[in-house]
1. Given the structure, is B:Glu339 farther than 29 Å from B:Glu223 by Cβ and open to solvent by 10 Å² or more (accessible area, probe 1.4 Å)?
2. Suppose the filter is more than 10 Å from every other protein chain (Cβ to nearest Cβ), assigned to a helix (DSSP H, G or I) and either under 22 Å from D:Thr283 (Cα atoms) or open to solvent by 10 Å² or more (accessible area, probe 1.4 Å) (or both); does D:Ser48 pass it?
3. Please count how many residues of the range C:75-89 are surrounded by fewer than 20 Cβ atoms within 10 Å (Cβ to Cβ) and at the interface with another protein chain (Cβ under 8 Å from one of its Cβ atoms).
4. Out of all the residues in the range D:191-208, which are open to solvent by 50 Å² or more (accessible area, probe 1.4 Å) and either at pLDDT 95 or above or among the aliphatic types (A, V, I, L, M) (or both)?
5. Quick check on my filter: what residues within the range A:189-228 are in contact (Cβ under 8 Å) with a residue 60 or more places away in the chain and among the aliphatic types (A, V, I, L, M)?
6. Among the residues of the range A:206-242, which ones are in contact with an Asp or Glu (Cβ under 6 Å, 6 or more places away or on another chain) and of a type outside the set (Gly, Ala, Ser)?
7. For the range B:274-321, how many residues meet the condition of being open to solvent by less than 10 Å² (accessible area, probe 1.4 Å), β-branched (Val, Ile, Thr) and outside any strand (DSSP E or B)?
8. Give the range C:360-378 a look and list any residue that's at pLDDT below 85 and crowded, with 23+ Cβ neighbours inside 10 Å, or say none.
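The values are calculated or read from the model by the stated rules, or taken from the named source; none is laboratory data. Keep in mind it's a predicted model, so treat the numbers as computed, not measured. In this analysis, Cβ positions are derived from the backbone assuming ideal geometry, glycine residues included, and neighbour counts consider all displayed protein chains. Surface accessibility is based on the protein's heavy atoms, side chains included, excluding ligands, DNA and RNA. Shrake-Rupley method; radii C 1.70, N 1.55, O 1.52, S 1.80 Å.
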Amino acid sequence: MTAAPAAPTRAPSARLARISGVVAPLTGLVLVLVLAAVTTPQFYSLEVARLVMFQIGLIGIAALGQTLVLLVGGIDLSISGVMALTSVVLATYSAGSDSRLLVGVVLAVLAGLAVGLVNAGLVVLRNVPPFVATFASFVLIQGVIIAWTRGAPSGNIPDALGWLGGGRIWEIPVPLVVFAVLALVAGIALGRTTAGRRVYSTGLNREAARMSGIRTGIVIASCYILSSLAGVLAGLINSSFIGFVDAALVRSLDLDSIAAAVIGGIALTGGKGRISQTVLGVVLLAALLTWLIQLGAGGGAQLVVSGGVILLAVFLQNRGLGLLSPRARTTRATPRKGKQ
Amino acid sequence: MTNTAFRRARSRRILAAAVGFATLVAVAGCSAEQEGAGSGGGGGTGAAEDCINAEEAQATYEESWSSVAEAFGLSELTPVEEEVCEVDPETWAAEPKQGDAYRIAFAAQGPTNSWGVLSEEAFNYHAEELGVDVLYAAANGDATQQVDNIQQLASQDPDAMVVVPMGEGIAGQVQAAVSQGIPVVLCSGILPESSQAVSTVTRQYDLLGTAYAEWIAQELGGEGQVAILSGLAGVPTAEYQKAAAEATFEKYPDIEVVTTQYTEWSPTVAKTVAQNLIASYPDLDAIWSDSGYGAIGVVQAYQEAGLPVPPITGDAVNDFLLATQGTDVRYALSTFPPEMSSTCLDTAMDLLNGEPVLNKVYIDSPSFTNEEGEQYVREDCDGGLLVPTSAPEDLLVELGMCQA
Amino acid sequence: MVPAIALGAREVTKSFPGVRALAGVTFAVAPGRVHALLGENGAGKSTLIKILTGDQTPDSGTVVVADEEVSFGSPRDALARGVTPVYQELTVLPEMTVLDNVMMGHESARRGVLRLREQREHARRALERVDLGGLDLGTIAGDLSLANQQLIEIARALVRRSNVLILDEPSAVLSGDKLEALHSVVRSIAAEGTAVVYITHLLDEVRLLADDVTVLRDGTLVSTGPAVDYPMERIVREMVGRQVDSVFPDPAPPRDEVVLTVSDLVPRGAEVAPVSLELRAGEIVGLAGLVGSGRSRLLKTLAGVRGRGEGTVAVEGRPLRPSLGATIDAGVVLVPEERKRDGLVLDLPVSQNCTLTALRSISTAGWVDGGREKAAFAEERERLGIRAAGGDQLARQLSGGNQQKIVIAKWLRVSPRVLLLDEPTRGVDVGAKSEIYRIITELAANGMAILLASSELPEVIGLSHRVLVFKDGAVVGDIPRNPDAAEQIMHLALGTES
Amino acid sequence: MTATTPAPAVAPTRPRPNWVAVAVRRGAAVWVIVAALVLVLSVLRGGSFWSTGNLAALLTSAVVLGLVSLGQHTVILSGGIDLSVGAMVTITTLLTAVLIDGYPIRTAPVLIGMLVLGALIGALNGVLITLLGMPPFIVTLGMLYLVNGAALWISSTPAGRVTSILSEFAFGRIGPIPYTFLVLVLAVVAMWFLLNRTVWGKQVFAVGGDLHSARAAGIDTTRVLLGVYIASGLLAAIAGILLASRSSVGSPTAGAGLELSAITVVVIGGTSLLGGRGTLLGTMGGVALLSLITNSITLLQFPSTITDLIRGIIIIAAVAIFVAKRR
């Protein structure tokens, strides 16, 4: 996996916090892998490995966008809406013709940008809670898709795009490669660039960042736009994976991407967490979901396990390494920084 | 100190509450009388002596089974037991309540997919042909929403109502509409007897589920590993077909259903599921799927893995035929035609006009296997179309589903 | 039976990361007496109060209530023992009504259901005692002036039947009639047998109110005794620990060039008289006045963090657009009053906080250069004497004084022309305080123009070339450097005779 | 860039708030839109809209969302959020039908059992949030997964059957007013009383306004928050029971998406997601607006393909205009 890029802190205590942040998801991952070895031996075949890798790629790309938004204290519930929109735009415009692929992709990106701008506008200019703003735009996207396609999207995804969802580079599914590259870029950008500094300081303390001359509105807006663009990319991968227009809004990806980030240890209050943690969370979630399918567990069991893992992950992060440290009591006493 | 005393009192109270709750549950568990008659998911329990014109009605029902058996080349396909009768034509005959034209309420699925679109467009098209007013409400696939829709439509006092049921949860509301004096025709779906719907017009789920399973059994010679790919967990359309398939496979001791998964009727999900199947069950002999979209994903997964595609079933989506054109994939397809909604409208009109109507109208629609597949492909039409379609060509063109 | 000690502390010690707030403090308040707790900011008064009221637990030592050693787990426990605090930070909930605020935590109810009439009667009675009898109980608290909010806070404490009432700087935002009302209510409460702990920075109040005095300095107890033994000079000497004059270095004379020109400025959303002022290079101008008199608002307006309103601001003759970015580019920067909220990103390392304002200078094409960042921090660390374990230490872990130096440092990175300082030594211990004074004086000597707002009068007087006195948003006095101007300034600020 | 500065804590005079802000704060703003919609419908479809049947349909459709929003309102007032309300509705709907299964004798115990179940899930939320100090968003998100999963485990198909007494109650009405709507009215009155006339209610506002101040004022914040989440669970259970009565069977997907609608409703009603401020009037206005939108789409017979678009536009507009800003 990608090496943890550039931690913002290197002091001894910070290093301890950094390690403890990774311990929980890493333990979880080991646990899943051991359980898988015991219960479903075929989990360790190339085919299943590829499945996990594909899942990592798809969930991961959405989770990267989600992480950016979470880092500035927001949340994006419209990613899966953007994915569906991408699929519909591309299919409708290109109608399966390779020659129109490029323009189709450009149009899809523009559609994604529009959604990102709406989200950013509501959150930054109108101070709408991100949770509500992005949900509202999700509803709007759904309406737009149905009104525009009259309910039955037609057209096809050009074959030329097929390598994005179905291709492999040295046996590694392309989505995973794309995700790895993006994660590396995002990790470096967050850890080593001024843009990253702006994101973290905005997320940790918007007012202090603003008064230091950082244009926090633009920082936040950029994160929403990037998140929507990640949605476009995930949408392209998803539609090229199957080659048919699939307007079904894969609602689960919103929750999966949030879950992955949270399991990895990205704080919902903003400003805390690194891309390496998101990567870890994504790997854990993808392995877990694939293992459950291999196990033949029904939808119910999958949901129960996901819920349990999220609660456990956050519980462990709250506690730090010492399981019974009294930290919870003191954190409770501090005034909560609201969800905006 | 008082504090601990208080705490003790509180814990005692909690204990008491828990014991009380347990007792209640225990009482609930061993109670005596169940209320009302059982309703076996569409099974007929209507009073036999009242059944009008039973024989003729029964013949039409069995006809829908034998046509599929013939298409799939099945020697044996026993219809699920079902009693079909004629509704008393006098009961519902009526003049239009308002103005000259009849007003028919249509509680539709909503345009959430191409099936839903064609279903309501065919209905509207036919309504225009008949000169009937339509009161429309869409449930967007949600039974809870449809309950509200039906109540609101009923409050507009239409002459009759056609409902595309989204789930059993609407049964109570349908019954309320019927008892309000509105004849309700169920369309493309069934509800328990308790709904008291006047007539049900649908392609039979049992028929599809059973026929696909029988075809697979025949292909495998009654022996092998089968996977079931159902649609959406909890949705009746999927669950009834799945149940019929499971019952059929039960009859063959050497057929093993190795796994049951859900595809959400999405090729994307189906492909992921199929990739998992390839990894987990390399010796799979056949795949029972309730949808063509699910089947597309399966075919792709096998082709990409470089493996032969096992025999597969599903509904006849144009996309599937396009994708398997020129391959040696063996399949058996049938349709659950959306345009049956026009028959639903006809049935409602017949009721109002006092003409004879069956309480269960089972739609017959073409079924075919890979041998005849070629002739049903519609290169000029959208992939989402269910073929062959009996919807009017000009409607298909107008909807942009086919080229003129 | 009346206890000898209504509330006390025995050998209480408390440390925070980077700072020892209290070291073995023993303290006792007798019933029916008003006990003034004195000390500079950072002397440990607030920490002591928080321990006495169960908001924090001491590292060692115990709290005594009614001659009995107790340990409080939460403010509830303290309240249950009749120890009622009125905190310095307002805990009035701005969205709720006056009635709800006054009765918060002590509602009159029967089986959980409010008894509305009784509620109103109790609230009304408490409000009358703090001279707010005419206030409509349904008023939303956030709409009240700060002074009235403070009185509501006190009324909330009066509703409870308390054995000990702790008032943490209740007079900071009060003046005139309101202050007198407060004094009379304190006296009457004490007369009823309640012990009162009274924290104040207005030394006059000691003379007017206190029966006993305790002085804290740097987290230790200096002395305690009857108020009659404490003339003003002794209090000041014990609080500061050295002669007042020596604390403040003499400022270098200002230069002639005018850096900042403010003409007829009316801050946005304020209905006050316009303010005009000129600031020369190397000049330190102090802004004095009560809390809420408009000092902070003026600084924020000048810094461009809250829009402008009417009037013009010019830097070196060039008019300034009323935006934050333009203001910073022009070299006008603010060290804000609320350091933790507006000044620092507490969970970022100090070096990153230090370079937050000047990201461009430590980066190439958006790429942060770790070496340049280190160098930048090292430079400021040297210049300002910042005591941190290293650049990687989180800002949260530093003491108040060092945190404040970081905030100043981050602005020095942009080489400002005008430095606006709002309460630069709030929550800073004495040692760091004099270092900050030295820094301010040096910066001015190097040609920076400085506007300094502070509620500590000696600080304003000691540092500034001249002092502008604010009252109700308007400048009511412009007093040249004079070590004995305190009384004159106070009178101007309070609006009493000169 | 117009990021709002928090009002300076020392401003002695406040800018006079404009009437829109006041209306939003009081929860009246959304009612203006509701009134406008009613007016439009009266003009265009007066007869049908004001018919007894349609009014009954309108009121009925508000019940489940109304009950759930009531709980959500309380949780949000306390500064939290409850994403698990939809899941709680689902599981109580399903279990009501499955456990009763047509046996009249079971009706009462099962209903009590469901209320207890709702309260227990709510209490579990509350315990995780208060005693373990975990963020409400995560706790209730995890609970959403857990409870939905449990529901699918119990039955993946619609199952069970309620007794006739329940369905009669669900369909019964006095004139245009359904019995179930009276349940909602009763719940609103009860919640109004609890929030505005009891110590607990005042404490909910205080805890939501500033947790630390509330603690300093001697309020047992843990107990208050536990109560809030239990109330939310209880109301969701009532909603679930009514939903089961109306559907007559239990469905494992009955409450899907309700949590998002409920939060939207509360926010449109002018309640601050930061806690401490909000009126029941506003939240109920939000419920009325959402129910009315659905009702009017059918009444006005919009083309089916644009109904979702209309819904989306109205919600996004309401959100953009009516979201209450920080004071």
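1. Working: farther than 29 Å from B:Glu223 by Cβ: yes; open to solvent by 10 Å² or more (accessible area, probe 1.4 Å): yes.
For B:Glu339, the condition - farther than 29 Å from B:Glu223 by Cβ and open to solvent by 10 Å² or more (accessible area, probe 1.4 Å) - is met.
2. Working: more than 10 Å from every other protein chain (Cβ to nearest Cβ): no; assigned to a helix (DSSP H, G or I): yes; either under 22 Å from D:Thr283 (Cα atoms) or open to solvent by 10 Å² or more (accessible area, probe 1.4 Å) (or both): yes.
No.
3. Total meeting the criteria: 2.
4. Keep residues of the range D:191-208 that are open to solvent by 50 Å² or more (accessible area, probe 1.4 Å), which gives D:192-194, D:197, D:200.
The answer is D:Leu194, and nothing else.
5. A:Leu190, A:Val199, A:Leu204, A:Val219, A:Ile220, A:Ala221, A:Ile225, A:Leu226 - these are the residues of the range A:189-228 that are in contact (Cβ under 8 Å) with a residue 60 or more places away in the chain and among the aliphatic types (A, V, I, L, M).
6. Taking the range A:206-242 first, the residues in contact with an Asp or Glu (Cβ under 6 Å, 6 or more places away or on another chain) are A:207-208, A:211, A:227.
If the condition is that a residue be in contact with an Asp or Glu (Cβ under 6 Å, 6 or more places away or on another chain) and of a type outside the set (Gly, Ala, Ser), then A:Glu207, A:Met211 are the ones that fit.
7. 3
8. Listed by number, the list holds a single entry, C:Ile362.
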